[in-house]
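Starting off with a structure, shown below.
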Amino acid sequence: MTPLAPRRERLRAATIAEIKQVARDQIALGGLGAISLRGVAKAMGMTPSALYRYFDSHDVLVAELCADAFASLADDLEASYAAGAQEVHARRWLRLARGYRRWAHEHEPEYGLLFGPQSSHDLRDKSGRCGAEMRRTVGVLFQCMITQVAEGVIDPSHLEAGLKPELRERLDAWGVEEGAPISTGALAGCLLVWTQLHGFLSLELFGHLPPALGDATDLYDQQMLDVIVRIGYREPIDLMAVTAPDPDPATAAGARPVVAHPAAGPV
C-alpha cells in the first residue's frame, strides 16, 4: 500500500488543483483574458497575497494550465493510437484523428488556451514541462507517419519533389529540432496533415463552418482520409469499413458525444 503524503503536501496539492480549476472556469466563461490571480483568489476566499505562495505570476499559472492541457491531449492520443494497433493503417489514422477532435470538443477552453486566437502560449518554446508535454502530443502524430512510411503505406516523395530549396532547408531544420527520423517529403506531409486537422477543428469550434453543414462528423472523417491520400497513402480505402463507429467503448459509446457548434456564418 502506497503511504500517504504528509498532510501539508496533500493540502498544498489540493489547493493548487482548485486554483487551476477556478482558472479553467474563468477561461470557459471569458477566454484567456478572463484569468486574473485576484479573481481566482476572490473565488476561493483567499487573499491575493496567499495565492502567490502557489503561483508567483499570471504567466506561471497559464504555463501550468497549458502543460496540463497538453498532457491530457497526449494521454488521449496515445490511448487512441494504441487502441488501433491491429487495424488497417487508414482506420488507425482516423481513430487517432477522431480522438483529437473528441478531446478538442470535450476540452474547448483548453483547446482555445493552446490554439485559440488569444493563446499566450508560444508553441516555439519547447522548455519546461509544457514543452515536454507538447512534444509528447506531437510525437504521437509523428509516430503515425513514421510507421506508415517505414511500412511503405505512405510514399510522400511527390511532395519532396515539389519543394523549393529554401523550404526544404527549413523543413529539414524542423525535423532535426523535433528528432523526427523521416524524409523531407514526409515532414511536408506531416505539416499538411497538421494544418488540415487544426484548420478544420478551429473553424468548427470557433463557429465558422457554414450552418447548413450541421454535424460535421462525416465531413471531418472525409477530410482526414482525403489528406492522407494527398500526401501519398497507397492502400485502397474501404470507406464504409474505415469510417464505421469506433468499437472501443472508451473511444465511442463511453465518450461524450460530439455536438455541432452554432456557426457564425461562412468565412
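Only the coordinates and a few stated rules stand behind these numbers; no lab work does. What you see is a predicted model, and the numbers here were worked out from it, not measured in a lab. Note that we place each Cβ from the backbone using ideal geometry, even for glycine, and neighbour counts take in every protein chain shown.
Using the count of nearby Cβ atoms within 10 Å as a rough guide to exposure, how do LEU205, LEU65 rank from fewest to most?
Ordered from fewest to most neighbouring Cβ atoms within 10 Å, LEU205, LEU65 come out as LEU205, LEU65.
Out of region 29-87, which trypsin sites (Lys or Arg not before Pro) are coil in DSSP terms and have no more than 11 other C-beta atoms within 10 Å?
ARG53
How large is log10 of I(q)/I(0) for region 30-87 at q = 0.17, 0.20 Å⁻¹ when the intensity is taken from the Debye formula with one equal scatterer per alpha-carbon?
-0.66, -0.78
How many times 2.2 N^0.38 Å is the alpha carbon radius of gyration of region 1-56?
Its radius of gyration relative to the 2.2 N^0.38 Å reference: 1.29.
Would you list the P(r) distribution for the chain, with all Cα-Cα distances sorted into 5 Å bins from 0 and each bin expressed as a whole %?
1, 5, 11, 14, 16, 15, 14, 10, 6, 4, 2, 1, 0
Please report, in debye to the nearest 20, how large the charge dipole of the chain is about its Cα centre when each Lys and Arg carries +1 at its beta carbon and each Asp and Glu carries -1 there.
For this selection, approximately 900 debye.
Quick one: ASP68, ASP238, fewest Cβ neighbours within 10 Å first, how do they rank?
ASP238, ASP68
For region 152-195, just the Cα set please: Rg and Dmax, both in angstrom.
Cα radius of gyration and Dmax of region 152-195 are 9.8, 28 Å respectively.
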